[in-house]
Structure formats: C-alpha cells, structure tokens
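Trainee: This is the structure I have questions about; it appears just below.
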Amino acid sequence: MAAKVIDMKRRTFLQVSLGLGAAVTAQGVSAVVQAYPLASDTAGALVWQQRPLLGFGCNLSLQVAHQDKVLGQLALDTAVADIRHVEAQMSLFNPNSALSQLNRQGFLAQPHPDLLRILTLSKTISEKSQGAFDVTVQPLWTVFSKAHRAGLLPTPAAVAAARRHTGWQFVELRPQYIRFARPHMAITLNGIAQGFAADLVKAHWRAMGIEHALINTGEWASLGRPQTPGDWHLGIADPRDVQKMIRNIALRGRCVASSADSQTYFSPDLANHHIFDPCTGYSPTEIASVTVAADNCTLADALTKVMFVAGMASAMALAKAWSVDVLVVDKVGQWRATPGFDA
C-alpha cells in the first residue's frame with residue numbers, strides 16, 4: 001500500500017514532503033486538497049483541507065478531513081486558536097506570554113490552568129526521571145547563548161553559576177500563583193509545549209467529530225488515516241544527513257516527538273547544543289537524536305530529553321518503564337530502536 005512519508009528532521013517545506021504542493025505557503029491560508037469517499041462512508045466524500053502556519057519559532061502544518069467543508073475550516077481555525085493559546089501561555093518567543101512574565105518577575109498570580117497543568121506534569125516527569133527532565137534549565141541556555149554570540153563557550157565557572165539558579169524542586173505551584181524559590185530562576189517549556197499543543201488540538205478535533213487528520217506542531221499526532229490507503233507514516237531522518245531515512249514507521253494512532261543535537265547548537269562539533277543534562281550543566285555526550293512514540297504527545301516530547309540524558313543503553317530500558325517506544329542515534333551514526341518502531 002502507498003504510504004505518506006514525512007521527514008521528521010526537516011521542519012520546513014513540510015507542504016512538499018506531505019504531498020500538498022509547494023504553492024500553499026502563506027501563513028493562515030487554507031487549501032482544499034482532495035475529496036474522496038471511504039469504503040464505509042455513506043454520507044459523502046471526505047474533503048481534505050490543510051493550513052500551514054508559523055508557531056513556536058518554526059513551520060507548522062495542519063491537515064483535516066470531513067464531509068462538511070465548513071466544519072473542516074472550523075476545525076482548522078480551532079487548532080490555530082489552540083496553538084496561539086499555548087504560545088500565549090508558554091512561549092519564550094513571545095515576550096508578553098505568561099511564561100515570559102513569570103521569568104521576569106519570579107512570580108505569576110492567577111496562572112491559567114493549562115500553565116499549571118503542564119508545570120505539574122513537568123514536575124512529575126522530573127521526579128520520575130530523577131531530574132533528567134528539568135524545565136528550569138533556561139539559565140544554562142542563557143549563559144551558552146550569550147557566550148555563543150561572542151564566538152565562545154561559557155567558562156566552567158559561568159556554567160556552575162547558572163546551575164545554581166536551576167532546580168525543578170524550587171518551583172512552587174498553587175492555583176493562586178507560581179513562584180520561584182531560588183533567585184534568578186527561569187523556565188523553558190520548549191521541550192514540552194509543542195507536544196502539549198498537539199494533544200490539545202487532537203482532543204478538540206475528536207470532540208468536533210474529526211476522524212482523519214494530521215497535526216504537526218513541531219511534534220506529530222494523527223487521527224484515522226491519510227488520503228492514500230494505509231496508515232500515517234513518518235520517515236525518521238539521519239541527524240547527520242537529512243536525505244537519508246533511518247526508518248519509516250507507521251503511527252498506529254500514536255504521537256511521535258523527536259529531538260536532535262543539530263537543531264540548535266553552540267559549537268560546530270555539535271557537542272554543545274540546546275539539550276542540557278541538568279546534573280552537569282552541559283549537553284549529553286553520547287546521543288545525536290532521539291525519537292519517541294507514545295500515546296500522549298506531551299509525554300513523548302518531554303521524554304526525548306530524558307532519553308538524551310540517559311544514553312543509548314539506558315534509553316532502551318527506560319522506554320519499557322515509561323511504556324513508550326524509542327529510536328536513538330549516537331554521535332557516530334549507530335542506532336537502536338525498541339520493537340515498537342517496526343518498519
């Protein structure tokens with residue numbers, strides 16, 4: 001059967017790799033792609049529509065199918081509103097977001113329930129992963145990016161000083177407020193918010209009666225099946241050669257998230273990048289990319305960082321403990337995957 005293959009590494013020109021045509025590239029523009037009948041469909045042909053947009057600092061895309069074109073448009077509008085809502089609460093790209101305000105002030109009164117929800121989940125993942133996932137590593141990002149702008153790496157003393165302003169245990173969460181219990185702390189939700197957005201869109205689409213869709217918020221979630229026969233498929237690219245696919249996997253209703261050292265880095269050898277080991281203040285040394293498949297996209301997103309810190313051998317065991325599947329590529333191009341990453 002024909003399968004739609006999506007390059008997990010390249011997050012630009014996704015309309016082309018999705019087979020939707022290169023002409024539709026303007027933010028917020030929708031296009032009717034194709035109408036076709038399902039074998040069991042008695043109400044009429046499904047109308048496929050898609051919308052590309054910018055969000056979370058990258059190119060995103062949404063595909064949806066429904067017999068009612070107007071409802072499909074409404075679903076796309078709802079998804080865009082969901083993404084903008086998550087950005088307004090959790091994006092560091094937006095200086096007016098609730099998270100940006102929290103980072104500036106060290107305190108946020110009357111936080112939105114979704115912000116509390118994701119921070120509470122983040123704490124749970126931090127505790128279960130023994131601190132491998134920690135949303136308070138933003139001071140490390142700040143010190144590395146500042147040094148990078150000067151063409152340098154930060155000194156060990158600067159990294160140690162930044163680490164003294166981290167620690168997931170020092171974020172107080174209450175319905176009435178969020179407060180940092182250490183000075184000069186800051187949170188980044190870049191390692192979990194995109195997965196949260198995908199889950200939010202998927203839940204709303206299900207409630208609207210959408211049965212066939214693909215969500216790309218930087219991480220991936222799907223409903224039903226694509227326009228071609230068979231399941232949704234994702235092509236996982238080699239982190240050192242995006243033209244080379246390591247594995248082509250069927251989603252089977254799961255969500256998929258990936259992280260790679262080549263996405264944002266501070267040194268040409270990719271030894272220093274945007275993923276930090278909270279225990280050392282530096283990037284993990286063994287792994288080049290991690291892809292996680294799970295029932296929940298928020299969890300999959302966060303666990304890519306846990307697996308990065310754990311290393312290849314431990315990632316295989318952790319996948320079983322978390323009931324997820326994982327594919328890990330090391331710095332020399334060797335890779336391992338759990339059995340659920342079947343071709």
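The values are calculated or read from the model by the stated rules, or taken from the named source; none is laboratory data. Only a predicted model underlies this, so the values are computations on that prediction, with no experimental measurement involved. All Cβ positions, glycine included, derive from the backbone under ideal geometry; neighbour counts span all protein chains shown.
Trainee: Can you name the number of the only condition in (1) modelled with pLDDT under 95; (2) crowded, with 24+ Cβ neighbours inside 10 Å; (3) within 17 Å of the chain's Cα centre (by Cα) that ILE249 fails?
Mentor: With (1) modelled with pLDDT under 95; (2) crowded, with 24+ Cβ neighbours inside 10 Å; (3) within 17 Å of the chain's Cα centre (by Cα) applied to ILE249, the lone miss is (3).
Trainee: Could you run through segment 214-246 and say how many residues are of a type in the set (Val, Ile, Thr) and surrounded by fewer than 19 Cβ atoms within 10 Å (Cβ to Cβ)?
Mentor: Within segment 214-246, residues that are of a type in the set (Val, Ile, Thr) and surrounded by fewer than 19 Cβ atoms within 10 Å (Cβ to Cβ) number 2.
Trainee: Looking only at segment 218-253, count every residue that is free of Cβ contacts under 8 Å to residues at least 60 places away in the same chain and either assigned to a strand (DSSP E or B) or closer than 26 Å to VAL309 by Cα (or both) and tell me the total.
Mentor: Matching residues across segment 218-253 total 6.
Trainee: Moving to a separate point now. Given the condition closer than 29 Å to ALA161 by Cβ, among the small types (Gly, Ala, Ser), surrounded by 17 or more Cβ atoms within 10 Å (Cβ to Cβ) and over 19 Å from the mean Cα position of the chain (by Cα), answer yes or no: does some residue in segment 289-306 qualify?
Mentor: Within segment 289-306, not a single residue is closer than 29 Å to ALA161 by Cβ, among the small types (Gly, Ala, Ser), surrounded by 17 or more Cβ atoms within 10 Å (Cβ to Cβ) and over 19 Å from the mean Cα position of the chain (by Cα).
Trainee: Considering each of ALA186, ALA198 in turn, give the residue that is in contact (Cβ under 8 Å) with a residue 12 or more places away in the chain and assigned to a loop (DSSP other than H, G, I, E, B).
Mentor: Exactly one residue qualifies, and that residue is ALA186.
Trainee: Considering each residue of segment 47-84, count those that are at pLDDT below 95 and either at negative phi or touching a strand residue (DSSP E or B) at 6+ places or on another chain (Cβ under 9 Å) (or both), and give that number.
Mentor: 1
Trainee: Restricting to segment 283-317, count the residues that are in contact with a helix residue (DSSP H, G or I) (Cβ under 7 Å, 6 or more places away or on another chain) and over 18 Å from ILE192 (Cα atoms).
Mentor: Residues meeting the conditions: 4.
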